[in-house]
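Novice: Have a look at this one.
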Amino acid sequence: MEIITTEIPEVFIIQPKVFQDDRGFFYESFNARTFQEKTGLNPNFVQDNHSHSQRNVLRGLHYQIQQKQAKLVRVINGEILDVAVDIRKSSPTFKQWVAVKLSAENQKQLWIPEGFAHGFLVLSETADVLYKTNNFYSSQYDRSIRWNDPEIDLNWNLKETPILSEKDKNAPLLKEAEIFSN
């Protein structure tokens, strides 16, 4: 497993070691011991999620204000543009973001720490996104920020209007949202 740093030190890309031959491939998608040795983190994952979406679906930007969640995201079918936005007011990288193409082909994963909003845009015909979380989902703490907030200025590289849920269409701007103070 290779850890690739990003512009935001707490967000990183994980490139697993893939063993491929004429039968197909094998890779270890997560190993707690190796993850901790390479990152110093022990996320103690408690929940696995699977999202299936069609081309041009944009999900996000989502987070939980309490019961914060760190996420390890990967794609097992298709391709997405995966995004992590720092929404910790006291952070030196507040409002900065990282965007990475994750696909079944490149097998990269994105580590998104607590205190970050998460979203993704489906670039392929369909995509299946799996992500582990270190805390359980709680609808009462579920929050979102508008995907096209000008203060964040995300470059989604859109070719057409995205397909959004009502929740994401009506999400508040960052300046109106409940975010993390530390």
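Novice: Checking the structure you have, find out if any residue of the stretch 104-113 is more than 16 Å from T6 (Cα to Cα), open to solvent by less than 10 Å² (accessible area, probe 1.4 Å), at pLDDT 95 or above and not aromatic (F, W, Y).
Specialist: Checked the stretch 104-113: no residue is more than 16 Å from T6 (Cα to Cα), open to solvent by less than 10 Å² (accessible area, probe 1.4 Å), at pLDDT 95 or above and not aromatic (F, W, Y).
Novice: Considering each residue of the stretch 21-51, count those that are open to solvent by 40 Å² or more (accessible area, probe 1.4 Å), in a strand (DSSP E or B) and either over 19 Å from I76 (Cα atoms) or in contact with a Phe, Trp or Tyr (Cβ under 8 Å, 6 or more places away or on another chain) (or both), and give that number.
Specialist: 4
Novice: Of everything in the stretch 167-178, what is within 20 Å of the chain's Cα centre (by Cα) and open to solvent by 30 Å² or more (accessible area, probe 1.4 Å)? Give them in sequence order.
Specialist: Hits for the stretch 167-178 are K167, K169, P172, L173, E178.
Novice: Please go through the stretch 64-104 and pick out each residue that is over 12 Å from A127 (Cβ atoms), of a type in the set (D, E, K, R) and out of contact with any helix residue (DSSP H, G or I) (no Cβ under 8 Å at 6 or more places or on another chain). Steps first, please.
Specialist: First, pick out the residues of the stretch 64-104 that are over 12 Å from A127 (Cβ atoms): 64-72, 83-100.
Of the ones still in play, those that are also of a type in the set (D, E, K, R) are 68, 71, 86, 88-89, 95.
K68, K71, D86, R88, K89 - these are the residues of the stretch 64-104 that are over 12 Å from A127 (Cβ atoms), of a type in the set (D, E, K, R) and out of contact with any helix residue (DSSP H, G or I) (no Cβ under 8 Å at 6 or more places or on another chain).
Novice: Continuing with the same structure: Filtering the stretch 65-77 down to residues that are touching an Asp or Glu at 6+ places or on another chain (Cβ under 8 Å), under 16 Å from W111 (Cα atoms) and touching a residue at least 60 places away in the same chain (Cβ under 8 Å), which residue is most open to solvent (accessible area, probe 1.4 Å)?
Specialist: Selected residue: K68.
Novice: Is there a residue in the stretch 140-157 that is buried (at least 17 other Cβ atoms within 10 Å of the Cβ), within 18 Å of the chain's Cα centre (by Cα) and small (G, A, S)?
Specialist: yes
The values are calculated or read from the model by the stated rules, or taken from the named source; none is laboratory data. Source: prediction; values computed, not measured. Neighbour counts run over all protein chains shown; Cβ positions are idealised from the backbone, glycine included. Accessible surface areas use protein heavy atoms only, side chains included; no ligands, DNA or RNA. Shrake-Rupley method; radii C 1.70, N 1.55, O 1.52, S 1.80 Å.
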